[in-house]
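Heads up, the thing below is written out as structure tokens.
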Amino acid sequence: MQYATITGWGKCVPPATLTNDDLATFIETSDEWIKSRTGISQRHISHVNTSELASVAAQRALAAAGIDGSEIDMIILASASPDTLIPNIASTVQANIGASCAAFDINAACSGFLYGLGLASSQIKSGQSKKVLVIGAERLSFYLDWSRRETAVLFGDGAGAVIVEATDVAGGVLGYELNNDPEGRDILKAGFGTAMDRFSAESLDFFIEFDGQEIFKRAINGMNKLSNKVLEKCGVDKDEVDLVIPHQANERIIDTLVSRMKIPKEKAFVNIANYGNTSAATIPIAICDALEQGVIKPNQTILSCAFGAGLTSAALLLQWGDRVTPINISDAELPPCDKTGIELVKRAVDYFCKP
């Protein structure tokens, strides 16, 4: 029997940051207001396209796994903010890493990475693939109306990637659950797509909009339900979970989720303070941070869950392997950035925040 195990990991966050104090220079807010409600201190703002973030994360994941891009059988790239809709940006990453394989994008918003990881494990367990690259990458700053405090303070840019390989050793992805609640699809949205009137200048005023209270409630219920479902399916008690790596949308949501599941708060990995909500990239970035900080240990049982626009939800149970250090280190880097975060968003701020 084949098992699907994570053997490589890599993240890429752009160097420019936008702090809460920076935000307070053009919208009515403060560091204390944002931190107390979200847990966020700063977010990264990209000077490059989503595919470049994804490519660097992918190259770092390949190096950590000790393999070459030519060995990859499939690339699954989760993003709600690709450079282009046609072609998909998985093909851009494919070209950049020298792969010859299937490559496609998926959009399940913040749940996208877990959707991709679940699909990758199924590909491997079926014998269809041996090595799959799964990426979550976002440039959500593109969608923001910087005059809208409720969304301007939440989102950031970044990418994370993992290599999933076939192995005969029991473990890896133990099980996953995916769901969608279409009745709530208008609670979180951005009006970008072919429904736009391409001949109207007003159609260019697309931006992320959402009902914060409704999202808060549905996110907790959705992640709680699927997390319990995957634990039951795998025959694992919640007390056997060593670490929870949830989607990093809001620290209050994470605290409420683990409390409702009766899992000790110290078992939840939280890094939202440094990145904000990077949607599909939050979980792979968190995996990388947890490894760098020595939080992930060999053979740990890890529960991961997410919730996003659609309204999508996902939960996945994973037994980590023996290795928690990279085999090699990639020298892949983004091109230099000569602007600060506030300089990068200035054009958009001037547009949306004009008197």
**Request:** Using the Cα centre as the reference, give the magnitude of the dipole from point charges on the C-beta atoms of the chain (Lys, Arg: +1; Asp, Glu: -1; all else neutral), rounded to the nearest 20 debye.
**Result:** 560
**Asked** Any idea of V295's accessible area? Nearest 10 Å², probe 1.4 Å.
**Response** 50
**Message:** How charged is the neighbourhood of K131? Take every other residue with its Cβ under 12 Å from the Cβ of K131, and add Lys/Arg as +1 and Asp/Glu as -1.
**Reply:** -3
**Reachable lysines from K339, criterion Cα separation under 23 angstrom, eight or more residues apart if same chain** = K11, K354
**Item:** Carbon/sulfur fraction of accessible area - the chain, other protein chains in place, 1.4 Å, %
**Value:** 49
**Message:** Using a probe radius of 1.4 Å on heavy atoms only, what accessible surface per residue do you get for segment 237-294? Whole Å² is fine.
**Reply:** 36
**Message:** Using amide H atoms built in the peptide plane, which far-off residues or other-chain residues are under 5 Å from A102 H to H?
**Reply:** I75
**Asked** Only one of the listed values, [x] 56; [y] 51; [z] 46, was derived from the coordinates as percent of Cα pairs over 26 Å apart; which label is it?
**Response** [z]
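Mean separation of Cα pairs under 8 Å and 6+ residues apart, divided by the residue count of segment 140-278: what relative contact order is that in percent?
Numbers: 126 pairs, mean separation 41.0, N = 139.
29 percent.
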**Asked** For segment 71-186, what relative contact order do you get, as a whole percent, if you take Cα pairs closer than 8 Å and at least 6 residues apart?
**Response** 28
**Prompt:** Taking θ as phi - 60°, what are the ³J(HN,Hα) couplings along segment 346-351 by the Karplus curve (6.51, -1.76, 1.60), each to the nearest whole Hz, with x for Gly and Pro?
**Reply:** 4, 4, 5, 4, 4, 6
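Given N residues in segment 1-79, what is Rg(Cα) / (2.2 N^0.38 Å)? List each step's numbers first, then the result.
Values: Rg = 18.0 Å, N = 79, 2.2 N^0.38 = 11.6 Å.
Dividing the Cα Rg of segment 1-79 by 2.2 N^0.38 Å gives 1.55.
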**Asked** Which residues' amide hydrogens lie under 5 Å from the amide hydrogen of G175, considering only partners 5 or more residues apart or on another chain, with H built in the peptide plane?
**Response** L317
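How big is the dipole moment of segment 289-338 about its Cα centre under a simple scheme where the beta carbon of each Lys and Arg is +1, that of each Asp and Glu is -1, and everything else is neutral? Debye, nearest 20, please. Write down the numbers at each step before the final one.
On the way: 2 positive and 6 negative charges, 78 e Å.
Once rounded to the nearest 20, the dipole reads 380 debye.
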**Item:** Whole-angstrom gap from segment 126-143 to segment 303-320, using each part's C-alpha centre
**Value:** 14
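Starting from the residue with the highest accessible area, list R43, R218, R198, R185 in decreasing order, probe 1.4 Å. Don't skip to the answer; put the middle values down first.
Values: R43 0, R218 65, R198 200, R185 145 Å².
Result, largest first: R198, R185, R218, R43.
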**Set of aspartates and glutamates with alpha-carbon distance to K267 below 16 Å, sequence-local pairs under 8 removed** = D237, D239, E240, D242, E251, D255, D289
**Prompt:** Taking the Cα centre of each part, how many Å lie between segment 223-253 and segment 13-48?
**Reply:** 28
**Item:** Phi-based couplings in Hz for segment 54-63 (Karplus 6.51, -1.76, 1.60; Gly and Pro marked x)
**Value:** 5, 5, 5, 4, 5, 4, 5, 5, 4, 4
**Asked** Tell me, what ³J(HN,Hα) does each residue in segment 308-320 have, in order and in whole Hz, if you take phi through Karplus 6.51 cos²θ - 1.76 cosθ + 1.60 with θ = phi - 60° and put x for Gly and Pro?
**Response** x, 4, x, 8, 7, 8, 7, 9, 9, 10, 9, 9, 5
**Request:** Sorted from largest down, give the three principal axis spans of the alpha carbons of segment 138-203, whole angstrom values.
**Result:** 57, 27, 25
**Request:** Name the long-range amide H neighbours of I296: under 5 Å, sequence gap of 5 or more, or other chain; modelled H, no Pro or chain starts.
**Result:** L291
**Item:** Charge-dipole axis of segment 1-54 as Lys and Arg at +1 and Asp and Glu at -1 on Cβ define it, positive-most pick from H44, T25, Q2
**Value:** Q2
**Message:** List the pairs from K265/K297; K189/K233; K225/K265; K189/K238; K130/K297 whose alpha-carbon separation is above 22 Å, in the order I gave them.
**Reply:** K189/K233; K189/K238; K130/K297
**Prompt:** Taking a probe of 1.4 Å, how large is the accessible area per residue of segment 94-216, in Å²?
**Reply:** 45
**Message:** Is there a quick way to get the dipole size of segment 100-199? I mean about its Cα centre, with the Cβ of Lys and Arg at +1 and of Asp and Glu at -1; what is the value in debye to the nearest 20?
**Reply:** 220
**Asked** When only alpha-carbon atoms count, how far does segment 226-293 stretch along each of its three principal axes, as whole angstroms with the largest first?
**Response** 33, 23, 21
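The values are calculated or read from the model by the stated rules, or taken from the named source; none is laboratory data. This structure is a prediction, so every number in the text was calculated from the model and none was measured. Here the Cβ is made from the backbone with ideal geometry for all residues, glycine too, and neighbour counts use every protein chain on show. Surface areas here come from the heavy atoms of the whole protein model, side chains and all, with no ligands, DNA or RNA. Shrake-Rupley method; radii C 1.70, N 1.55, O 1.52, S 1.80 Å.
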